[in-house]
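**Q** Before anything else, here's the structure in question.
The values are calculated or read from the model by the stated rules, or taken from the named source; none is laboratory data. Note that the structure is a prediction, hence the values are computed from the model and not measured. Heads up, the Cβs are rebuilt from the backbone with ideal geometry, glycines too, and the neighbour counts pull from every protein chain shown. Remember, those area values only see protein heavy atoms, side chains included, never the ligands or the DNA or RNA. Shrake-Rupley method; radii C 1.70, N 1.55, O 1.52, S 1.80 Å.
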Amino acid sequence: MTVKDIPIFLRACKREPTEYTPVWLMRQAGRFLAEYRSLRRQYPFLILCKTPELATKVTLLPIERLGVDAAIIFADILLPLEPMGISLEFTKGEGPVIHNPPRSRAEVERLRGIEAEEDLPFVMEAIKAVCRELKGRIPLIGFSGAPFTLASYLIEGGGTKDFVRTKSLMLQDPSCWHILMEKLSAAVISYLNAQVRAGAVVVQLFDSWAGILSPRDYEEFVLPHSRRIFHELSSKVPAIHFATGAAGILEQMKTAGGDVIGIDWRIDLDAAWRRLGYDVGIQGNLDPAALLGPPERIESRVAEILHRAEGRPGHIFNLGHGVLPQTPEENVITMVEAVHRLSKDK
Ligand code: CP3
């Protein structure tokens, strides 16, 4: 096996030189794809997640069509909450709803620990099936929510704009907060390591909402828990650590861990990488709205980001957050093709 046989996405995660910049999209296995929308007319979202044949099919949908350099398993960050004793529903228009959000210490203490292989077998089966189909051509990413982002959905009972309940628990009952974060961290570790055993070769930790915290609160209430996760993760696979709005906590995210730090578009990629240091990789950071068009602007924005990355090993091209459901498929193809063409021989 020569270096050229190792997929370029994996090499970039390890900051090794690649012939071109690898690219994938967060939420690439989802609603912007017509075939996904048609499957969703037949099946509720959670059924898609829990039926390995369907989850496998959805995972593979964007692979041939878009020419991306990595697959991400079709699942959701909220799935591990169910076996912890949480009643989860995805409602039309409102997104996730948690019917029994823990609001007292007793309720937090009642949350169960999970064994991911036994409690979420459908995810591991889907991962195995996807790996059989991909045959090592492109790598499969496993993922989990980070404890802070999971805690926010759990405590708020769903999505939120102001995170008032989450911050209240954190600041008013720190010891209860830490118990909750420890329980979530244990679940995340079990979940990610099971995904690696099933065949995921890279993992991404989504701390999507960590950027709403002050740096000092991130340091006290989140960082120790995220750090524990990276320590207890199977050391065999590279890990990507992602958050949005993270300009205030970049250095701390690096301290928490991850071989690659994922950023959104609110900070220039070169400025972020300079602050992080070149001993970690960087993932990002096109504004998902840029994919609404026109194609010439998509290409010029891609060129700008590649210019900021300066062809340095360790850049993985991605959006700064999930692809918008309104995105035309052909615009995603334009982006992927532009990343590959413009980054060649840089
Ligand atoms: O990236 C991929 O394509 C893999 C699959 C994936 C999904 N969710 C499928 C999904 C991944 C990686 C996620 C991560 C996820 N889920 C995050 C972190 C990333 C981020 O966007 O910040 C979060 C916060 C969630 C929780 C979640 N799941 C919300 C808030 C919602 C509703 C709003 C929305 O974006 O749709 C979901 C539903 C969801 N997860 C869908 C998909 C394809 C849409 C379900 C549908 O078909 O209606």
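**Q** Pairs Lys14/Lys135; Lys135/Lys344; Lys135/Lys254: which exceed 29 Å Cα-Cα?
**A** In this structure, Lys135/Lys254 lie more than 29 Å apart at Cα.
**Q** Quick one: which residues, 5 or more positions from Phe143 or on another chain, have an amide H under 5 Å from its amide H? H modelled 1.01 Å from N in the peptide plane, none for Pro or chain starts.
**A** Gln204
**Q** Kirkwood Rh over alpha-carbon pairs of segment 76-141, then Stokes-Einstein at 37 °C and 0.692 mPa s: what D in µm² s⁻¹, rounded to an integer?
**A** In µm²/s, the coefficient rounds to 232.
**Q** With unit charges on the beta carbons (Lys and Arg positive, Asp and Glu negative) and the dipole taken about the Cα centre of segment 3-344, which residue among Thr18, Gly85, Gly281 sits farthest to the positive side?
**A** It is Thr18.
**Q** Under 10 Å, Cα contacts only: if you run a Gaussian network model on the chain, which one of Thr160, Thr21, Thr244 comes out with the highest mean-square fluctuation?
**A** Thr160
**Q** Explain nothing, just compute: Karplus ³J(HN,Hα) = 6.51 cos²θ - 1.76 cosθ + 1.60, θ = phi - 60°, for every residue of segment 60-72 in order, whole Hz, x for Gly and Pro.
**A** Ordered by residue, 3J(HN,Hα) equals 7, 3, x, 5, 5, 4, 9, x, 6, 9, 8, 9, 10 Hz.
**Q** Given H placed on each backbone N at 1.01 Å, which residues far from Asn285 in sequence or on other chains put an amide H within less than 5 Å of it?
**A** The answer is Asn318.
**Q** Ignoring ligands, DNA and RNA, how do Tyr218, Tyr20 rank by accessible area with a 1.4 Å probe, largest first?
**A** Output order, biggest surface exposure first: Tyr20, Tyr218.
**Q** Let me ask something additional. Determine one quarter of the surface area of the Cα convex hull of segment 1-81, which equals its mean projected area, and express it in nm² to one decimal.
**A** 6.8
**Q** Right, here's the next one. Please list Glu118, Glu329, Glu125 from largest to smallest accessible area, probe radius 1.4 Å, with all protein chains kept in place.
**A** From most exposed to least exposed: Glu118, Glu125, Glu329.
**Q** Express in Å², to the nearest 10, the accessible area of Ile189 obtained by rolling a 1.4 Å probe over the protein heavy atoms while all chains stay in place.
**A** 20
**Q** If you don't mind, there's one more thing I want to ask. Probe of 1.4 angstrom, ligands and nucleic acids ignored: what's the accessible area per residue over the chain, in square angstrom?
**A** For the chain, the per-residue accessible area is 42 Å².
**Q** Each residue of segment 179-196 in order: what ³J(HN,Hα) in whole Hz does its phi give by Karplus 6.51 cos²θ - 1.76 cosθ + 1.60, θ = phi - 60°, with x for Gly and Pro?
**A** 4, 4, 5, 5, 5, 5, 4, 4, 5, 4, 5, 4, 5, 5, 5, 5, 5, 5
**Q** Rounded to whole Hz and in sequence order, give me ³J(HN,Hα) for segment 323-335 from the Karplus expression 6.51 cos²θ - 1.76 cosθ + 1.60, θ = phi - 60°, writing x for Gly and Pro.
**A** Couplings: 5, 6, x, 7, 5, x, 4, 5, 6, 5, 4, 4, 5 Hz.
**Q** When the accessible area of the chain is computed with all protein chains present and a 1.4 Å probe, what percentage of it is carbon and sulfur?
**A** 50
**Q** Here's something else I'd like to know. Give the distance, in whole Å, between the Cα centre of segment 188-249 and the Cα centre of segment 73-119.
**A** Measuring centre to centre over Cα atoms gives 18 Å.
**Q** When ranked by the protection proxy of mean other Cβ atoms within 10 Å per residue, highest first, what sequence do the peptides 111-117, 278-284 form?
**A** Most protected by this proxy first, the peptides run 278-284, 111-117.
**Q** If you place +1 on the Cβ of every Lys and Arg and -1 on the Cβ of every Asp and Glu, how big does the dipole about the Cα centre of the chain come out, in debye to the nearest 20?
**A** It comes to approximately 220 debye.
**Q** Something else now. Report the antiparallel proportion of the DSSP beta bridges in segment 3-344 as a percent, rounded to a multiple of 5.
**A** In segment 3-344, approximately 20 percent of DSSP beta bridges are antiparallel ones.
**Q** For each pair in Lys50/Lys128; Lys57/Lys128; Lys50/Lys236, compute the distance between the two Cα atoms and list the pairs where it is over 18 Å.
**A** Distance filter (> 18 Å) returns Lys50/Lys236.
**Q** Counting Lys and Arg as +1 and Asp and Glu as -1, each charge on the Cβ, what is the dipole of segment 268-334 about the Cα centre in debye, to the nearest 20?
**A** 240
**Q** Still on this structure, please answer the following. Taking amide hydrogens as modeled 1.01 Å from N in the peptide plane, which residues meet the under 5 Å criterion relative to Ala246, leaving out close sequence neighbours?
**A** Under 5 Å from the amide H of Ala246: Asp264.
**Q** Let me know the Kirkwood hydrodynamic radius for the chain, please, with Cα pairs as the basis and the value in Å to one decimal.
**A** It works out to 20.3 Å.
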